[in-house]
Structures are given as structure tokens and as C-alpha cells.
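I have placed the structure first, in the form of C-alpha cells, so that the comments after it can refer back to it.
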Amino acid sequence: MNPLTQPIGLSHYLVVGAILFVCGIACMAAKRNALGVLMGIELVLNGANLNFIAFGSPLLRGEANQTIGLDGQLIALTVIVLAAAEAAVALAIALVYYRTHATIDVDRGEELKG
Amino acid sequence: MNFPELIQSVFDDTLGPGQSLSLFRPELTLCATMIAILLARMILPRWKTSGFYLVLLGLTLALAFVFPWRWFAEGALPGQEIFTGLLAADRFSVALRGLLLLFTLLFVTFTQIAGRWAPEDGAEFFVLLLGAVLGMCLMVSANHVIVVLLGMEMASLPCYVLAGWQRDRRVSSEAALKYAVFGAAAAGILLFGMSLLAGALGSVHLPTMGRRLAELLQAGVDPAQLTALILGGLMVTVGVAFKLAAFPFHFWIPDVFEGATAEVAAFISVASKAAALGLLVRLAGAFVGVPDARQFLVVLVSLLAAVTCTFGNLAAYGQNNLKRLLAYSTIAHAGYMMMPVAAMIALAGGQGSPDAPLSEAQKAVAALLVYLGIYLFMNLAAFAGVAFMRNVAHSEDLRDYAGLVHSSPGFTVCMAIVMFSLLGIPPLSGFTAKWTIFLALVSAKLWTLLAIGVLNTVLSLFYYLRVVKVMTLDAPPADRAAPRIPLTSAAGAYFAMLTVPVVALFFLWGGLSRWADAAAQALFFTTFGP
């Protein structure tokens, strides 16, 4: 079954969500700039959001008892708010880090050795 | 159902005989306290007490609303879902919220005695603290994916800020940045895992997810769905393991503890751990009704517990900073506390009559509650000792504790008691805690885990003893004045006061375990019915 010739369905949304997730993880792992890492986190959250909305849509999933219904959209809205709060806190912390280190390179913080 | 009926049903559920709102009063009180502190600052800009008394009042009220004494009565609070299934209100959530609020009450007193920050910052500190506690209260009564996410984020975000509280110190901002970045990444992974699980099971209500999984496995599951389930389960494990600081997601703990103040480290090591364990019990409890999931979860949690415990104890050896040493000790204790959760999963729905294994599983959860109740005092006392020494000696290095027994003998005795209790030697309450969880492992027949637990207790002997040895046997450094913390000072008295329950809970063993047994009753009402 070639997904490119199929009508748009649940699996297409899931593939996009998975791609966003993998991009986000790669971004978090590869970027050394704190802002880049935060962007990676946003990608992961949005990938999850896309999944929730796709799973909640009765159009994409035939059987009514298999969807998570409105809960999916509610979770997506909540996650958007949480992501904003997280970004606000993380950016404030990045600013403080910049003030003390004059850089936002996460690798330059080397006074604490895990 | 038309719209007015829907509104009426929500109204009845919230305010009617179901009384969702009345069971939610502790959280509402916390919210009101936060707002009151902020308003008080606006009205009285140079308010000297920095909201401390407001916090005390709010926390006492919240603790009274949890009603930790009333549910000893027969049949009180049998367990029910409130807010249309979003939260579970049972004795377990009451007990854990009671522990969290009691800890916070002790903790704000501790920060007031030991805290070294500008008075105008005090109110923000307390507001963030109460926000984190609010999130933790949600975590331990979570019954729905949305509450899991909301609670975890509400508990984590204030902790990131608290970790970087000393804005001008380089290590502090570094700790906060690392904590925020890793924490947000873990939360993202947990969220994605949750989306996979919710999609594959077609529900976001945790007990319904458990039931759907049982139906799905009976009807036969197709490979794609199974992959989604396993991947989702593992991703959720990553997120929870990060909050628990389980190996291999423990690496943030030593850095954050070293960079943050000892006060914040105490908060993260006790309150954050307790909430994460409560969440683990809730998540695992939803799926224990499914035999295949149970086998998977037992192996997963046992493995995490064994590796975390062993790693924490081994890594603690090389540490010369006492806060780092306590960080690894915290990791090891997180491992111990995951052991009764593994026992709970193994025991739930085992062989025998349908009732008996369930009560055995509840005993395992009771063991966890006993451990948490004792750990609260032990670890708070240990970090309090570090903070008081920092205020006097301006150092957290172990070698600055050398010969402390000559200058402040009372403080040294209390610190030694705390160290021996963390190790688990009778007649101290740390022994009670370890003994109870090992008994739970015996009843679950998890012999390997039991052997690892006992071996780890022996392993941990040397680094706890080293702290005591440095304090008592080593010669005090000649080049500076000996630090003095008399027991008559506020700091010394507070420290001695914390040591009392560390000793007393060994002798009040029976009362504590009765309390925990009562708290664990009706835990699985959503999974197996009341």
C-alpha cells in the first residue's frame, strides 16, 4: 500500500507527527544553542498535538468508539498553553544564563559535572 | 443530551451531592493563598514579613481541608472519581497530599530560618513554591491524561525557576538552564508517548485505557497497534523516570542540587519525588488489571529500581561536596522507593481469590507510604543540616565538616542520627522504612530485587559512615575558626526538632503502618471496581 496514492487518512497525520517528533529530538540533540534546543522541544510538543487532534477526529477514524473525541482537542489546547508557559520560563532562565555567562551555548556551562 | 442538560450535569457533579468541589478544597486554598500573597505585596509594598505568615496560614488551612484524621473512621472516603473522572479522590491521594502539605509547612519554616535572599524576593519564592505544590497535588490524584500533563508541568516549571534562584551565581543559572532544558525535553517525550497510547487505546481516561487494553489483547492486536503501544509505554516511562531521577535519566539531579541552594534541593528531593511516585502508582495502577501489561511493567519497574539504586550508591562514593553526595543518595532512595511499586504491580491480580491479592498489593503501596513518610523527615533534616552549615561555614565541602564535633557537638549528633537513619540502622526510622519495603518484596516473591536492595544497603554503609567519620574523628582545620551551631539557636533548634521524628517514628512503627494501611485501602477502585 503506497501512502502517497491513498486518500488522506489517520496514518498520514501520524507520519507527519512522527516526523515532527524525530526532527525535534534531532534538534535537541544536535543544537548547542539553548534557543535551538527550545525550538526542538516545541517541535516535539507540536508533533504530539497533531497526534492528539488526529486521534480525536471522527472523520479520520471510522469507528466512533475508537476516537478520543473532543478530549484530543482539549489536550491540544492545554498543551499549547503549557508550551507557552514553558517557553516563558525557559527563555527567562536563558536570559539569566546569558547575563552570567555572556553566551547561551549549553555546552559552555561546565562548572557542574554530572 | 442537549445543552441545558449538559450544563446541569456538570453543575450537579461539581457542586451537587457528588461534591467534587468540596474534595478539591486543599488545592483551592493553595490558589487563594498564592493570590493573597501577590495582592498583599501590591497593597503593602514594603511588607517586611514577605508573606511568610500568609503561607503558614494557607498551608495549615489546606492541611485541615485534606482531613488526614477523619478518614480513620470506618467507611470514610471509599474512593470516587471527581470532576467527571478527571481526578481520583481516595485515601491514597488524601495521604499523599497530606504528606506533601506537611512537608511544605516544615519547608517554609526551614527557608524562613535558613534562607538568604533579599526580603523583597520572599513573596515570589513562596508563590512559586505553592504553585509547585499545587501541581504535585494534581499529580498524585491524576486519573486522566490531561491532569497528568497539567500536574507534571505545574510541578516542574516553578522548580526550574527555584533552581536558578540565586540569579547572580554562575552555577545557579547553569543548573536552572540544564534542569529546564532536560525537563522540557522529558515532558515532550512523555506527551508524545501519551498521544500514542491514547490513540491506540481510544481513550484518555486512565482506567478506561486499562480496560481497553485488556479487551484489545483478548481480541488480538495488530502489529502496528502493538508497536504504538510499546513505544508509547516506553516514552511515558522516560518522562516519569526523569521526574523520579531513575537511571539513566538521573544526570540532572547532582548538577541541579549543586547549583541550586540546599533549600531548593530539599524541596526537589522530597516533594518532587513523592509526587512522581504517586503518579507512577496511578499510571501503573490503571494497567495492573491486564496480565500481559503487568508482566511487562514488573520487569520494567524492577529493572529501573535495581539499576537506579545500585548506581546512586556507587556514584556517591567519590563525592566531596555534601550536596552532591546527598543528590546521589536521593537517587538511591528513589530506587528503593520504586521497589514497592514493582511489588504492587506483581501482587495485583495474582493467583488466589480475587480479594486477597488486591489487599496484598495495597500492602505494598502502604509500604511505599511508610517509606515516604519517614524519608520526608530524614532528607529534609539532611539538607537542613547542609543549609545551616553553609550559613555558618560558607561551604558545602565535606572537608569543612572536619572536627565539627568539637565546636558544635549537639549539631553533630543530630547530623549523625540523620546519616545513620538514611543508611537504615535500628533503632532509627530509616530501618523501619527499609524493613517495610523489603517485607513487601518478600510477599511479592521478587527475590532478585530483594537481594539487590539488601546488597545496596550494605554498599551505602561506607559513604554515610564517611560523613560521620569526618565530622567526629578528623582533626578540625587549623587555619580557620570552627563553625558553631548551638542547639539553642533557631537553626539548631529546628534541626533538633526534625531529628525527633527520625528517631520517634521507629518506636511509633505500629501507628505509622496502620495509617499507611488505611491510606492504601480502596486504591484500585477504578481498575477493579469498589
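The values are calculated or read from the model by the stated rules, or taken from the named source; none is laboratory data. What you see is a predicted model; the values in this text were computed from it and never measured. Ideal geometry is used to build each Cβ from the backbone, glycine not excepted, and the neighbour counts take in all protein chains shown.
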Within region A:56-86, how many residues are more than 7 Å from chain B (Cβ to nearest Cβ), touching a residue at least 40 places away in the same chain (Cβ under 8 Å) and either closer than 27 Å to B:Val171 by Cα or part of a helix (DSSP H, G or I) (or both)? 1
When you scan region B:400-472 for helices (runs of 4 or more DSSP H) that lie fully inside it, which ones turn up with 2 or more residues that are modelled with pLDDT of 90 or more? B:409-423, B:429-444, B:447-472
For region B:504-512, check the following and say yes or no: at least one residue is of a type in the set (A, V, I, L, M) and in contact with a helix residue (DSSP H, G or I) (Cβ under 6 Å, 6 or more places away or on another chain). yes
Do we find a residue being out of contact with any Leu (no Cβ under 9 Å at 6 or more places or on another chain), buried (at least 21 other Cβ atoms within 10 Å of the Cβ), closer than 30 Å to A:Thr103 by Cα and not acidic (Asp, Glu) anywhere in region A:74-82? no
For a quick check of your reading of the model, give me the residue pairs whose first member lies in region A:87-108 and is more than 7 Å from chain B (Cβ to nearest Cβ), whose second is in a helix (DSSP H, G or I) and surrounded by 20 or more Cβ atoms within 10 Å (Cβ to Cβ), with beta-carbon atoms closer than 8 Å and at least 6 apart or on different chains. A:Ala87/A:Leu38; A:Leu91/A:Leu38; A:Ala92/B:Val161; A:Arg99/B:Ser173; A:Ile104/A:Ala34; A:Ile104/A:Ala94; A:Ile104/A:Tyr97; A:Asp105/A:Ala34
Would a scan of region A:29-37 turn up a residue that is facing another protein chain (nearest Cβ under 8 Å) and closer than 21 Å to A:Ala76 by Cβ? no
Answer yes or no: is there a residue in region A:28-37 that is more than 10 Å from the chain's Cα centre (by Cα), among the β-branched types (Val, Ile, Thr), under 13 Å from B:Ala185 (Cα atoms) and in a helix (DSSP H, G or I). yes
Here's a check for you: in region B:178-192, which residue that is small (Gly, Ala, Ser), more than 13 Å from A:Glu42 (Cβ to Cβ) and surrounded by 24 or more Cβ atoms within 10 Å (Cβ to Cβ) is nearest to the other protein chains (Cβ to nearest Cβ)? B:Ala180
When you go through B:Val299, B:Val221 one by one, which is the residue that is free of Cβ contacts under 8 Å to residues at least 24 places away in the same chain, closer than 23 Å to B:Leu455 by Cβ and not charged (D, E, K, R)? B:Val299
